[in-house]
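Structure first, commentary second.
The values are calculated or read from the model by the stated rules, or taken from the named source; none is laboratory data. Just so we're clear, the structure is a prediction, and the values are computed from it rather than from any experiment. Every residue, glycine among them, receives a Cβ derived from its backbone with ideal geometry; neighbour counts consider all protein chains shown.
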Amino acid sequence: TAEDAATLLTQAGLPTEAVSSDQIRQRLFYKTVLNVGLNALCAVTGITMGEAMGMPHTRALARMLVEEALDVGQALGHDFGPDAIGQAMRYLDRGGDHKPSMAVDLERKAPTEIDFINGKIVELALAHPELCVRANRFLASLVVTREVRNGTRRADDIPAYLRGA
């Protein structure tokens, strides 16, 4: 069982906690929330994570992206606690002066993970029309457009989450 494996790992000197499948899904979603905050924003602007968090207008946009993603997570049944936004912003503040992988991918004209980060938030929100994910949709659209322009995505391969209204 997971508990047995956790016990063995802990006894071997690797402190381990067994978690449920639901906890794993929630933690994975929260990792996506953190990536949503700066990946696409830095990719389309060419700024570092530290620069994005250091300017009031880009910091506010990062917060908006995170808030939208947390709203989607809540609609899916995840509970990140009362200080989820504060925790996420503190994490993003520690991002440092480097560019996230999506920015590097665009610079290298390589495919990005936009469909699995901001795009996933937009896609999941489609089942919840009461949710507003405009900031995530906007940045996902810009990254996909850059992919088309640099030849890593075909113009006829626009994700369904970006087509239509």
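Looking at THR16, THR10, which is the one that is among the polar types (S, T, N, Q) and not in a loop (DSSP other than H, G, I, E, B)? Walk me through it before giving the result.
Values: THR16 fails: not in a loop (DSSP other than H, G, I, E, B).
One residue alone meets the criteria, THR10.
Condition first: in a loop (DSSP other than H, G, I, E, B) and either under 18 Å from the mean Cα position of the chain (by Cα) or at negative phi (or both). Now tell me which residues in region 106-129 satisfy that.
We begin by selecting, within region 106-129, every residue in a loop (DSSP other than H, G, I, E, B); these are 108-113, 117, 126-129.
Answer for region 106-129, where residues must be in a loop (DSSP other than H, G, I, E, B) and either under 18 Å from the mean Cα position of the chain (by Cα) or at negative phi (or both): ARG108, ALA110, PRO111, THR112, GLU113, ILE117, LEU126, ALA127, HIS128, PRO129.
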Checklist line | Residue check, ALA60 at pLDDT 95 or above and over 15 Å from ASN39 (Cα atoms) | finding: no
Notebook entry, point to check: What are the residues in region 78-119 that are farther than 26 Å from ASP157 by Cα, surrounded by fewer than 16 Cβ atoms within 10 Å (Cβ to Cβ) and among the small types (Gly, Ala, Ser), if any?
Noted result: GLY81, GLY86, GLY96
Next item on the list: Looking only at region 55-73, decide whether some residue is of a type in the set (D, E, K, R), more than 19 Å from THR112 (Cα to Cα), in contact with a helix residue (DSSP H, G or I) (Cβ under 9 Å, 6 or more places away or on another chain) and loosely packed, with under 13 Cβ neighbours inside 10 Å.
Entry: no
Item checked: Scope region 52-61; condition more than 18 Å from the chain's Cα centre (by Cα) and in a helix (DSSP H, G or I); matching residues -> GLY54, PRO56, HIS57
